[in-house]
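Just below is one structure, and these are the notes that go with it.
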Amino acid sequence: MAAPSKETQEKIQRLQLLEQQAHQLSTQRQQFTAQRIEIESAMEHLKDASDVFKIIGPIMVNSPKPGVEQSLADRKTMLELRIKNLEKQEAHIKKKAKDLQQEVLRELGHGEN
């Protein structure tokens, strides 16, 4: 079996890089999803709360409930946008990786004949 051409080797390296990028995006998306779930849980707990406290630096202070609710809603919206953006990036990179993988496999298949 002949060794892959230099061009094919470069494509394989690009493919590995795309796979690493997809993994990093997936990890970020999972982190943001976990944060969104925590915020949703906090928002659910706030429904029944009469006193609301907010952590500011090393201290916890009593805060107006509507302000905390709005802050959580804003943060949730921002996280949802980031998650959607990451999902789009991840899908794009996976498509590029799949196309590149098929190209490399074709080249390697032709090299064996």
Practice item. Let me know the charge dipole size of the chain about its Cα centre in debye, to the nearest 20, where only the beta-carbon of Lys, Arg (+1) and Asp, Glu (-1) is charged. Key: 220 debye
Practice item. Pull out the extension gain between HIS92 and GLN21, defined as 0.36 nm times the separation in residues minus the alpha carbon to alpha carbon distance; nm, one decimal. Key: 24.5 nm
Check your understanding: Just going by the charge dipole of the chain, with Lys and Arg at +1 and Asp and Glu at -1 on Cβ, which of MET60, VAL104, ALA34 is farthest out on the positive end?
Key -> VAL104
**Study point:** Calculated FRET value between LYS65 and ALA34, using beta carbons and R₀ = 35 Å, to 0.05
**Key:** 0.90
Review point. Taking the inverse of the average 1/r across all pairs of different Cα atoms in the chain, what Kirkwood radius in Å do you get?
Key: 17.7 Å
Check your understanding: Got a sec to turn the phi values of segment 61-73 into Karplus ³J(HN,Hα) couplings, 6.51 cos²θ - 1.76 cosθ + 1.60 with θ = phi - 60°, whole Hz, x for Gly and Pro?
Key -> 10, 5, 10, x, 4, x, x, 5, 4, 5, 4, 5, 4
**Study point:** Cα centre as origin, Lys/Arg/Asp/Glu Cβ charges: segment 31-79 dipole, Debye
**Key:** 120 debye
Point to revise | Area projected by the alpha carbon convex hull of segment 27-71, averaged over all directions, nm² | key: 3.7 nm²
Check your understanding: Among all lysine pairs in segment 73-113 that are eight or more places apart or on different chains, how many have alpha carbons less than 22 angstrom apart?
Key -> 8
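We did not get these values from a lab; they are worked out from the coordinates using the rules stated. Quantities reported herein were computed from a predicted structural model and do not represent experimental measurements. Quick reminder, even Gly has a Cβ in these numbers, built from the backbone with ideal geometry, and neighbours come from all protein chains shown.
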